[in-house]
Structure formats: C-alpha cells, structure tokens
Amino acid sequence: MAEDEDYVYDEATGEWRPASELAAEAAPSVVDAEGNALADGDSVTLIKDLKVKGTSTTLKRGTVIKTIRLTDDPELIDCRHEAVKGLVLRTEFVRKR
C-alpha cells in the first residue's frame with residue numbers, strides 16, 4: 001500500500017478503499033461478442049451481415065473495421081467505413097481482430 005494514495009469511503013461496503021480501485025470498478029467495460037475487451041483504436045471484424053439503416057448498403061460478414069472509437073454507451077462503438085460515414089455499431093456484432 002502506498003502511503004500517499006487517496007482513500008474514498010465506499011458507502012455500499014462501509015469501508016475506506018483506494019480511489020484508484022473504485023475508479024477501475026466504475027469504468028464501463030466495453031467487450032465484443034466473444035467477451036474480449038475493446039479499446040480506442042482497435043480493429044474489429046463483423047460476425048454477421050448487417051443492413052445499414054438509411055442506405056441500401058449491406059456490410060458483409062468478415063468486413064474489417066479499423067480504428068474504432070468507444071462511446072459513452074458500452075454497447076456501441078463509433079467507426080468509419082468507406083461505404084458508410086458516421087457508422088455506429090453494436091458490440092454484439094463485432095469480434096476483436
């Protein structure tokens with residue numbers, strides 16, 4: 001234990017806990033369809049053919065999406081594809097490369 005570490009009172013457990021420990025628990029974990037953790041800049045592969053709303057485009061299974069960005073919602077990722085600009089995908093339809 002570091003002496004200079006800040007401690008925060010956790011009302012749920014009634015204990016004083018390190019602030020870094022509570023921050024790690026509070027951060028939403030973003031995972032793909034297989035449970036792998038996703039981070040900004042990762043590449044993902046589609047695991048299902050997806051029809052894109054508002055266009056006549058269908059993204060085929062196996063399509064690689066590069067450089068994803070995480071959103072505030074742990075079930076959605078923001079990404080770009082040459083066929084569709086401003087694409088937002090659900091994490092249940094992607095697998096980390």
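Structural remarks
- Net charge contributed by nearby residues that have their C-beta within less than 15 Å of V64 (K/R +1, D/E -1): +4
- Evaluated with a Cβ-only charge set (Lys, Arg +1; Asp, Glu -1), the chain carries a dipole of roughly 1480 debye about its Cα centre, given to the nearest 20.
- For the chain, fraction of C-alpha pairs farther apart than 16 Å, in %: 61 percent
- Extension gain (nm, one decimal) between T57 and A83, 0.36 nm per residue minus Cα-Cα: 8.6 nm
- Electrostatic dipole magnitude of segment 43-97 [Cβ: Lys, Arg +1; Asp, Glu -1; Cα centre; debye, to 20]: 300 debye
- Convex hull of segment 40-97 built on C-alpha atoms - directionally averaged projected area, nm²: 3.6 nm²
Here, each number is a calculation from the coordinates, and none is a lab measurement. The model shown is predicted, which means the values in this text are computed figures rather than measured ones. A quick note on method: Cβ atoms are made from the backbone with ideal geometry, for glycine too, and the neighbour counts reach across all protein chains shown.
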